[in-house]
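The values are calculated or read from the model by the stated rules, or taken from the named source; none is laboratory data. Remember, it's a predicted structure, so these values are computed and weren't measured experimentally. Cβ placement follows ideal geometry from the backbone for every residue including glycine, while neighbour counts extend to all protein chains displayed. Accessible surface is based on the protein model in full, side chains and every heavy atom, while ligands, DNA and RNA are left aside. Shrake-Rupley method; radii C 1.70, N 1.55, O 1.52, S 1.80 Å.
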Amino acid sequence: MEKLAIHGGTPVRKEKIYYGRQWIGDDDVQAVASVLKGDLITCGPSVEALEKKLCEVTGAKYAVAVCNGTAALHCACIAAGLGEGDEVITTPLTFAASANCAVYVGATPVFADVNPKTYNIDPASIEAHITPKTKAVVAVDFTGQAVEHDRIREICDKHGLKLIIDAAHAIGTKYKGKPEGSIGDMTCFSFHPVKTVTAGEGGAITTNDPELYRRLRLASQHGIVRHPEEFVEKNPEGIWYYEMQELGYNYRMTDFQAALLISQLNKLDMFSKRRKEIVNAYNEAFKDMEEIIVQEEIPESDTTRHLYIIRLNLDKLSCTRAEFFQAMSAENIQPQVHYVPVYWFPFYEKMGYKRGLCPVAEDIYKGIMSIPLYPMMNDQDVADTIAAVKKIAAYYHKD
Ligand SMILES: Cc1ncc(COP(=O)(O)O)c(C=O)c1O
């Protein structure tokens, strides 16, 4: 039995690698620098060019770039007309923002359980949680895998619900050949540095609906319109006039971030390809291990995976998840856990949510951790990660 690094053995590698990291090339640096040296570093032409590019990549008719994925979700809830007394169904196995966006507008998040194999929101559980107050579903493409769009769409249509897709993890993913971004009523993206493409911080909402697009622009830009044909005032005093029509926010993205994101999107296919190669290598390495459960995918999803999650089969291990996690860290492979069920947090506990609401999600949470997955990983990094998982699993194996 190989001695674990946590017990004084030699780690599988000398330098630590982390669960995710950005790829910034000279092309990205040049794209940013050229905007910084120009006249307009915000409210300039790069944001418009980015929105056009996002439409090309996602197949959506409209895109609104914003300052982060959380702002994108907030704008989507505003545009959907959600407010006090409304209920919004989402998953607990996500970053808090997927539920917080409902709270921002005074609505109530309701948590549906997840599929035990794919970890994505379970359409049957969505349906079971619908009440007369339900107005929308925020379905998260968890780890990058597309949700069961057809079934969720059917449920939303049957009950008159808006479908907001939280695709923070899923740029580049396709469902039945259609890219994420063109399927839900609105789709929200995040461009945080651990995501597949980055703007430093950034987000966007895509939609095919011109009215939702209009509302998304208002929500993200102070509720202000600038084109005379949209004015309520029919005889403005001069060309300086613009009009605030609703209460909105300043959620603008800067032009240098937009330029960075355009440059990153030019590499999306390359990033997707490498992520898929690494996912395949991990799946192959772990598929016959008793101690590890591999996340399954629906056949309709052609996934650009953001996260690779290993789920420990704790019946076959004599350690806890925390001990396995610390052992990985000592081997210089730094995992992370995605995510603590959202309603377990004190904020939600204080609102009255109780543990036990979503037993499948809670059970999955107990055994999961995300291991390194990013396109800059070389084959040795991938081999080291696999070696660390196998070494620790063998050490703690229990029959
Ligand atoms: C599923 C999900 N939704 C929303 C967000 C929020 O995105 P941002 O960090 O860009 O605000 C994240 C970010 O981690 C996320 O993972």
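Do we find that Pro236 is assigned to a loop (DSSP other than H, G, I, E, B), within 16 Å of the ligand (Cβ to nearest atom) and open to solvent by 20 Å² or more (accessible area, probe 1.4 Å) in this structure? Outline the logic, then answer.
Working: assigned to a loop (DSSP other than H, G, I, E, B): yes; within 16 Å of the ligand (Cβ to nearest atom): no; open to solvent by 20 Å² or more (accessible area, probe 1.4 Å): yes.
In short, no.
Select from the stretch 76-87 the residues that are within 14 Å of the ligand (Cβ to nearest atom) and either in contact with a strand residue (DSSP E or B) (Cβ under 6 Å, 6 or more places away or on another chain) or open to solvent by 10 Å² or more (accessible area, probe 1.4 Å) (or both) and list them in ascending order. Give the derivation first.
Filtering the stretch 76-87 for residues within 14 Å of the ligand (Cβ to nearest atom) gives 76-77.
Listed by number, the list holds a single entry, Ala76.
Can you work out which of the residues in the stretch 340-375 that are open to solvent by 30 Å² or more (accessible area, probe 1.4 Å) and closer than 30 Å to Gly8 by Cα is farthest from the ligand (Cβ to nearest atom)? Steps first, answer last, please.
Filtering the stretch 340-375 for residues open to solvent by 30 Å² or more (accessible area, probe 1.4 Å) gives 340, 344-347, 349-357, 359-360, 363, 365-366.
Those left that are additionally closer than 30 Å to Gly8 by Cα: 365-366.
Values: Tyr365: 15, Lys366: 20 Å.
Per the criteria, the residue is Lys366.
Would you mind stating whether Leu314 is farther than 30 Å from Gln264 by Cα, more than 16 Å from the ligand (Cβ to nearest atom) and in contact with a Ser or Thr (Cβ under 8 Å, 6 or more places away or on another chain)? Break it down stepwise before answering.
Details: farther than 30 Å from Gln264 by Cα: yes; more than 16 Å from the ligand (Cβ to nearest atom): yes; in contact with a Ser or Thr (Cβ under 8 Å, 6 or more places away or on another chain): yes.
It is true that Leu314 is farther than 30 Å from Gln264 by Cα, more than 16 Å from the ligand (Cβ to nearest atom) and in contact with a Ser or Thr (Cβ under 8 Å, 6 or more places away or on another chain).
Go through the residues of the stretch 52-72 one by one and say whether even a single one is outside any helix (DSSP H, G or I), touching a Gly at 6+ places or on another chain (Cβ under 6 Å) and of a type in the set (A, V, I, L, M). First the steps, then the outcome.
Step one: of the stretch 52-72, the residues outside any helix (DSSP H, G or I) are 59-68.
Filter again for touching a Gly at 6+ places or on another chain (Cβ under 6 Å), leaving 60, 66, 68.
Pick out the ones that are also of a type in the set (A, V, I, L, M) and you get 60, 66.
Looking through the stretch 52-72, at least one residue is outside any helix (DSSP H, G or I), touching a Gly at 6+ places or on another chain (Cβ under 6 Å) and of a type in the set (A, V, I, L, M).
Does Pro210 meet the test of being assigned by TED's automatic domain parsing to the domain that holds Thr42, surrounded by fewer than 18 Cβ atoms within 10 Å (Cβ to Cβ) and within 14 Å of the ligand (Cβ to nearest atom)? Working first, answer last.
On the way: assigned by TED's automatic domain parsing to the domain that holds Thr42: yes; surrounded by fewer than 18 Cβ atoms within 10 Å (Cβ to Cβ): yes; within 14 Å of the ligand (Cβ to nearest atom): no.
Here the answer is no, as Pro210 does not meet what is asked.
Determine which member of the set Lys61, Lys37, Lys53, Lys3 is charged (D, E, K, R) and open to solvent by less than 70 Å² (accessible area, probe 1.4 Å).
Details: Lys61 fails: open to solvent by less than 70 Å² (accessible area, probe 1.4 Å); Lys37 fails: open to solvent by less than 70 Å² (accessible area, probe 1.4 Å); Lys3 fails: open to solvent by less than 70 Å² (accessible area, probe 1.4 Å).
Just a single option satisfies the conditions, and that option is Lys53.
Would you check which residues across the stretch 175-191 are buried (at least 20 other Cβ atoms within 10 Å of the Cβ) and either more than 10 Å from the ligand (Cβ to nearest atom) or outside any strand (DSSP E or B) (or both) and list them?
Our first condition is that a residue be buried (at least 20 other Cβ atoms within 10 Å of the Cβ); within the stretch 175-191, this holds for 175, 179-181, 183-191.
Across the stretch 175-191, the qualifying residues are Tyr175, Pro179, Glu180, Gly181, Ile183, Gly184, Asp185, Met186, Thr187, Phe191.
Starting from residues that are part of a helix (DSSP H, G or I) and among the polar types (S, T, N, Q), keep the ones in the stretch 259-275 and report whichever is surrounded by the most Cβ atoms within 10 Å (Cβ to Cβ).
Pass one, the stretch 259-275, residues part of a helix (DSSP H, G or I): 259-265, 268-275.
This time we only want the ones that are among the polar types (S, T, N, Q), so: 263-264, 272.
Values: Ser263: 20, Gln264: 25, Ser272: 22.
The qualifying residue surrounded by the most Cβ atoms within 10 Å (Cβ to Cβ) is Gln264.
Restricting attention to the stretch 276-291, does a residue exist that is among the basic types (Lys, Arg), under 20 Å from the mean Cα position of the chain (by Cα) and buried (at least 18 other Cβ atoms within 10 Å of the Cβ)? Write out each step before concluding.
Step one: list which residues in the stretch 276-291 are among the basic types (Lys, Arg), which gives 276, 287.
Those left that are additionally under 20 Å from the mean Cα position of the chain (by Cα): 276.
Filter once more, keeping what is buried (at least 18 other Cβ atoms within 10 Å of the Cβ): none.
Scanning the stretch 276-291 turns up no residue that is among the basic types (Lys, Arg), under 20 Å from the mean Cα position of the chain (by Cα) and buried (at least 18 other Cβ atoms within 10 Å of the Cβ).
So in the stretch 317-339, with the set limited to residues that are part of a loop (DSSP other than H, G, I, E, B) and open to solvent by less than 40 Å² (accessible area, probe 1.4 Å), which one is farthest from the ligand (Cβ to nearest atom)?
Looking only at the stretch 317-339, we keep the residues that are part of a loop (DSSP other than H, G, I, E, B), and these are 318-320, 331-332, 335, 337-339.
Among the residues that remain, those that are also open to solvent by less than 40 Å² (accessible area, probe 1.4 Å) are: 319, 331-332, 335, 337-339.
Working: Cys319: 28, Glu331: 26, Asn332: 24, Pro335: 16, Val337: 13, His338: 8, Tyr339: 8 Å.
Out of the qualifying residues, it is Cys319.
For the structure I just gave you, tell me whether Ala102 is assigned to a loop (DSSP other than H, G, I, E, B), aliphatic (A, V, I, L, M) and surrounded by 21 or more Cβ atoms within 10 Å (Cβ to Cβ).
Values: assigned to a loop (DSSP other than H, G, I, E, B): no; aliphatic (A, V, I, L, M): yes; surrounded by 21 or more Cβ atoms within 10 Å (Cβ to Cβ): yes.
No.
Given the criteria free of Cβ contacts under 8 Å to residues at least 24 places away in the same chain and in contact with a strand residue (DSSP E or B) (Cβ under 6 Å, 6 or more places away or on another chain), does Val225 qualify? Spell out how you get there, then give the answer.
Working: free of Cβ contacts under 8 Å to residues at least 24 places away in the same chain: yes; in contact with a strand residue (DSSP E or B) (Cβ under 6 Å, 6 or more places away or on another chain): yes.
When the stated conditions are applied, Val225 passes them.
For the stretch 41-50, which residues satisfy the criterion of being in a loop (DSSP other than H, G, I, E, B) and either at pLDDT 95 or above or buried (at least 20 other Cβ atoms within 10 Å of the Cβ) (or both)? Spell out the reasoning first.
Keep residues of the stretch 41-50 that are in a loop (DSSP other than H, G, I, E, B), which gives 41-44.
Across the stretch 41-50, the qualifying residues are Ile41, Thr42.
Please indicate, with yes or no, whether at least one residue in the stretch 84-91 is in a helix (DSSP H, G or I) and in contact with a Pro (Cβ under 6 Å, 6 or more places away or on another chain). Write out each step before concluding.
Initially, the stretch 84-91 is screened for residues in a helix (DSSP H, G or I), giving none.
No - not one qualifying residue is present in the stretch 84-91.
Find the residue count for the stretch 110-160, including only residues that are hydrophobic (A, V, I, L, M, F, W, C), free of Cβ contacts under 8 Å to residues at least 40 places away in the same chain and either surrounded by fewer than 22 Cβ atoms within 10 Å (Cβ to Cβ) or in contact with a Pro (Cβ under 7 Å, 6 or more places away or on another chain) (or both). Write out each step before concluding.
At the first step, the residues of the stretch 110-160 found to be hydrophobic (A, V, I, L, M, F, W, C) are 110-112, 114, 121, 124, 126, 128, 130, 136-140, 142, 146-147, 152, 155-156.
Now narrow it down to the ones that are free of Cβ contacts under 8 Å to residues at least 40 places away in the same chain: 110, 121, 124, 126, 128, 147, 152, 155-156.
Narrowing the set further to residues that are either surrounded by fewer than 22 Cβ atoms within 10 Å (Cβ to Cβ) or in contact with a Pro (Cβ under 7 Å, 6 or more places away or on another chain) (or both) leaves 110, 124, 128, 152, 155.
Going through the stretch 110-160 one residue at a time, the tally reaches 5.
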